[in-house]
Amino acid sequence: MTARNPISVGVIGVGVIGRDHVLRLARRTVGAQVVAIADADNDRARSVAAEVGADVHATGAELIADGRVDAVVVASWGPTHEEYVLAAIAAGKPVFCEKPLAPTREACDRILDAEVAAGRRLVTVGFMRRHDQQYRAMKEVVVGGSIGAPLLMHAAHRNVSVPSFFTSEMIVTDTAVHDIDVARWMFDEEIVAVTVLSGRVSGKAQPGFRDPQLIILQTASGILVDVEASVNAGFAYDIRGEVVGEDGTVELSESAGAVVKRAGAAHVRVPTEWIERFTPAFDAEFRAWIDVIAAGGTHATVGPTAWDGYAATACCEAGLAALHSGTQERVELRPKPELYCTTQPALTSTALPEGTPR
Ligand code: ISE
């Protein structure tokens with residue numbers, strides 16, 4: 001397939017992250033333009049469309065059917081993802097879907113079936129941490145073998161606060177889902193079991209809300225990953241990760257910025273919002289996506305595939321069962337279709353800087 005240049009993108013759902021993606025695609029992604037927008041809130045669609053000179057469609061289905069739209073971004077509410085992703089696959093258009101691919105394993109199954117029937121990978125899932133330079137540097141060390149065979153991973157995912165509609169279950173499905181994807185990607189292994197522990201509850205959480213949670217993932221070869229997930233940390237958006245190997249450890253550096261030392265103390269900026277922490281990763285993710293579509297190869301996906309979206313949702317389902325049972329729950333996956341077994345092109349847009357320790 002030979003794609004057009006620039007790639008004309010339609011965006012469905014322009015709430016917080018959807019609008020951010022519209023601006024990123026329209027203003028700082030070379031080779032992309034945003035031509036169409038749809039949102040359940042029509043006024044919001046119109047106001048975001050006006051910022052970038054795009055047309056507004058009444059529905060996501062209409063947007064996908066628009067002949068000028070080469071590729072689709074789905075950033076609407078999770079339960080709507082399946083309908084839009086299936087419609088994009090049916091139209092043969094590359095589709096970038098924010099996490100979750102779909103909230104239930106059955107819905108993800110239907111997406112896998114549709115993509116397998118189409119015979120072409122068209123779906124990319126928005127697990128942006130795979131494009132984050134710190135995580136990528138960490139993975140290079142793990143794969144390079146200098147710290148020996150990986151045994152454990154420690155992770156922390158602390159949000160400053162969350163809106164009042166946030167639930168204990170969403171700490172697994174909306175927050176820790178990123179750590180689930182990182183663990184699968186870091187070790188190139190599936191997760192086979194999940195345990196979720198909750199103990200003393202933060203005084204800042206709503207009554208009945210189980211925050212923080214300690215989530216323990218076990219990979220197929222037995223690597224244990226503990227994730228402290230909390231959403232009322234108050235002080236900062238604090239993301240940690242450390243892999244412990246047989247011969248050493250590798251951890252995410254504390255800050256991408258400068259460390260200031262003065263008056264007997266060291267100061268380093270810690271972001272307060274996830275958009276700030278991961279903006280470079282979101283930018284890299286969209287650059288890579290537009291590049292792969294423009295290259296017009298066999299598959300129009302880069303980074304996390306529909307299989308990755310399915311596996312993450314299956315782990316979240318086990319996580320929810322574990323949250324309620326208090327015991328370890330197994331993750332059972334369907335056999336991996338052949339379509340997802342070939343490797344993807346390297347992410348050249350996120351190549352690591354010279355001198356990165358390996
Ligand atoms: C949000 O949807 C995200 O994707 C953020 O990365 C995560 O930190 C936050 O907890 C989620 O609500």
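Using the alpha-carbon atoms, what tilt in degrees (0 to 90, nearest 10) does helix 177-187 show relative to the longest principal axis of the chain? Around 80 degrees separate the two axes. Relative to the longest principal Cα axis of the chain, at what angle does helix 42-52 sit, 0 to 90 degrees, rounded to 10? With rounding to tens, the tilt is 90 degrees.
Under 5 Å between amide hydrogens, built in the peptide plane, is the criterion, and for ARG121 it picks out ALA300 among residues at least 5 positions away or on other chains. Expressed in units of 2.2 N^0.38 Å, where N is the residue count, the Cα radius of gyration of the range 136-290 is 1.12. Amide H contacts under 5 Å for LEU151: VAL244, GLY245, GLU246, restricted to partners 5 or more places along the chain or on a different chain, H placed in the peptide plane at 1.01 Å from N.
Size descriptor for the range 150-226, Kirkwood hydrodynamic radius: 13.3 Å (Cα pairs only, one decimal).
For the chain, the longest principal axis of the Cα atoms and the long axis of helix 274-295 meet at an angle of about 40 degrees.
Reported to the nearest whole Å, the Cα centre-to-centre distance from the range 6-54 to the range 174-201 is 32.
Remark: the range 142-157, residue by residue, has Karplus-estimated 3J(HN,Hα) of 4, 5, x, x, 5, 9, x, 5, x, 10, 9, 9, 10, 9, 10, 9 Hz, where x stands for each Gly or Pro and the curve is 6.51 cos²θ - 1.76 cosθ + 1.60 at θ = phi - 60°.
Normalising the average separation of contacting C-alpha pairs (under 8 angstrom, six or more residues apart) by the number of residues puts the relative contact order of the range 196-239 at 32 percent.
Suppose accessible area is computed on protein heavy atoms with a 1.4 Å probe; arrange ILE216, ILE7 from highest to lowest. Could you put the intermediate results ahead of the total?
Numbers: ILE216 50, ILE7 0 Å².
Sorted by accessible area, descending: ILE216, ILE7.
Since only ILE89, LEU151, ALA281 are under comparison, the one whose Cα sits farthest along the positive direction of the charge dipole of the chain, derived from C-beta charges on Lys, Arg, Asp and Glu, is ALA281. In this structure the amide hydrogen of ASN232, modeled in the peptide plane, comes within under 5 Å of the amide hydrogens of ASN159, none closer than 5 places in sequence on its chain. Principal axis extents of the C-alpha atoms in the chain (largest first, rounded to whole Å): 55, 53, 48. Once C-alpha pairs closer than 8 Å and six or more residues apart are averaged by separation and normalised to the residue number of the chain, the relative contact order reads 21 percent. Considering only PHE235, VAL225, GLY319, the residue lying farthest towards the positive end of the dipole of the chain is PHE235, judged by Cα position with unit charges set on Cβ.
The values are calculated or read from the model by the stated rules, or taken from the named source; none is laboratory data. Keep in mind it's a predicted model, so treat the numbers as computed, not measured. Ideal geometry is used to build each Cβ from the backbone, glycine not excepted, and the neighbour counts take in all protein chains shown. SASA here: full protein model, heavy atoms, side chains in, ligands and nucleic acids out. Shrake-Rupley method; radii C 1.70, N 1.55, O 1.52, S 1.80 Å.
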